[in-house]
Amino acid sequence: MERISPTRSVTQEEVATFWREGVVCLRSILPVELVESMAKPIEEALVSSATTDLSEMADALESGAVAARNVDELVVASGAPRGHFKAGTDHWLLQQEFRDFALCSPLPEIVASILRSDEIRLYEDSVLVKEPGTQEKTGFHQDMSYFHLDGDLVCTTWVPLDNVTAETGAVRFVVGSHLDNTKYRPNMFVSDLAMPDTEGAEVPDYDVMVGEARIISFDTSPGDLTVHHARTIHAASGNLSRTQRRRAISVRYTGDGTRFKLVAGSPTKEHHASLSEGDFLNDESCPLAWP
Ligand SMILES: O=C(O)CCC(=O)C(=O)O
């Protein structure tokens with residue numbers, strides 16, 4: 001597939017916002033037809049073994065069950081259907097459309113501008129779908145805690161395929177949290193429970209730290225995109241809408257100087273077999289996406 005350009009350039013103000021706040025929302029920067037073309041591949045991913053029903057996983061986790069019960073009451077009260085949160089990772093390895101989207105869409109060029117990096121590599125992609133009536137929140141977490149990476153130039157792009165609002169599960173970002181170098185433990189994603197055998201501090205529950213942090217989220221539409229630093233702490237609510245799906249693709253990239261570093265307890269990836277601790281990333285494990 002030929003490389004597709006962004007519909008506009010990233011401004012210097014947007015780059016500065018990313019580095020100051022740890023997240024930036026880039027409005028109308030992706031061709032809408034390109035974003036819509038991922039609808040079918042997402043449906044295929046959802047029925048494949050590459051995605052997991054995190055709603056079912058949450059039922060098995062004590063704190064997830066507690067969180068679910070709270071939202072459950074709202075969902076039942078509104079008469080909304082019981083939705084599901086389905087998520088998967090590394091679809092680019094299985095579906096050509098995801099590989100093209102990660103490598104040939106405008107994302108790598110946009111990320112090169114934001115990270116001010118000469119080279120950009122693909123680390124992973126995710127499909128994140130919250131159907132109407134999904135109770136499960138996405139717990140506060142830091143992406144870097146899951147990544148087998150060492151470096152400052154690492155970020156996540158979040159691409160919505162639907163109109164997304166706070167009610168349907170817009171991602172919520174803790175402003176400036178990327179400036180804190182604390183090493184946090186990865187958690188079970190739909191719960192605040194840390195993954196077993198991992199090291200570091202527990203991620204604070206910012207919902208109970210009223211007034212201590214500024215949390216922002218963005219109402220977005222197809223064509224918009226958010227980019228957050230891999231150290232930025234973020235979360236998302238369930239999807240309380242009765243009718244509106246919340247489909248998104250996350251693509252995670254690295255910039256110059258990023259090295260491989262195994263994180264104890266975080267799932268490893270078979271395609272990282274050619275990398276050893278301290279290595280710069282290579283094409284086999286993390287393909288070059290830009291230039
Ligand atoms: O879509 C969500 O609910 C969470 C997204 C997220 O945590 C990410 O893409 O890093």
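The values are calculated or read from the model by the stated rules, or taken from the named source; none is laboratory data. Being a predicted model, the structure only gives us computed values, none of them experimental. Every residue, glycine as well, gets a Cβ built from its backbone with ideal geometry; the counts of neighbours run over all protein chains shown. Heavy atoms of the whole protein, side chains included, go into the accessibility calculation; ligands, DNA and RNA do not. Shrake-Rupley method; radii C 1.70, N 1.55, O 1.52, S 1.80 Å.
Under 20 Å from a point placed 7 Å out from the Cα of GLU43 along the Cα-to-Cβ direction: which residues of the range 240-254 have their backbone N that close? Taking a point 7 Å out along Cα→Cβ of GLU43, the residues of the range 240-254 whose backbone N falls under 20 Å are 243-250. Note on surface exposure: ARG99, ARG252, ARG242 rank ARG242, ARG99, ARG252 by accessible area, highest first, 1.4 Å probe.
Each of PRO108, VAL164, GLY22 was scored by the projection of its Cα onto the charge dipole of the chain, and the greatest displacement toward the positive side belongs to VAL164; charges sit on the C-beta of Lys, Arg, Asp and Glu.
Which value, in Å² rounded to 10, gives the accessible area of TRP19 with a 1.4 Å probe and all protein chains present? Looks like 60 Å² after rounding.
Based on DSSP H assignment, which helices of the chain show an axial Cα extent of at least 15 Å together with a mean Kyte-Doolittle hydropathy greater than or equal to -0.5?
What comes out of the filter, once short or polar helices are dropped, is 62-78.
Each part gets one Cα centre, and for the range 77-134 versus the range 242-291 those centres are 12 Å apart. Within the set of other residues whose C-beta is less than 15 Å from the C-beta of CYS104, count the net charge using Lys and Arg as +1 and Asp and Glu as -1. Its environment carries a net charge of -3. Ranked by solvent-accessible area (1.4 Å probe, protein heavy atoms only, all chains present), the residues ASP150, ASP197 order from largest to smallest as ASP197, ASP150. Taking a straight line from the alpha carbon of LYS137, these aspartates and glutamates sit under 15 Å away, with near neighbours fewer than eight places off in the same chain left out: ASP53, GLU56, ASP59, GLU62, ASP72, GLU73, GLU167, ASP192, ASP205, ASP207.
Could you report the chain's accessible area per residue, 1.4 Å probe, as an integer in Å²?
About 43 Å² of surface per residue is accessible.
Could you list, in their original order, any pairs among LYS86/LYS261; LYS183/LYS269; LYS86/LYS269; LYS40/LYS261 whose Cα atoms are separated by more than 23 Å? In this structure, LYS86/LYS261; LYS40/LYS261 lie more than 23 Å apart at Cα.
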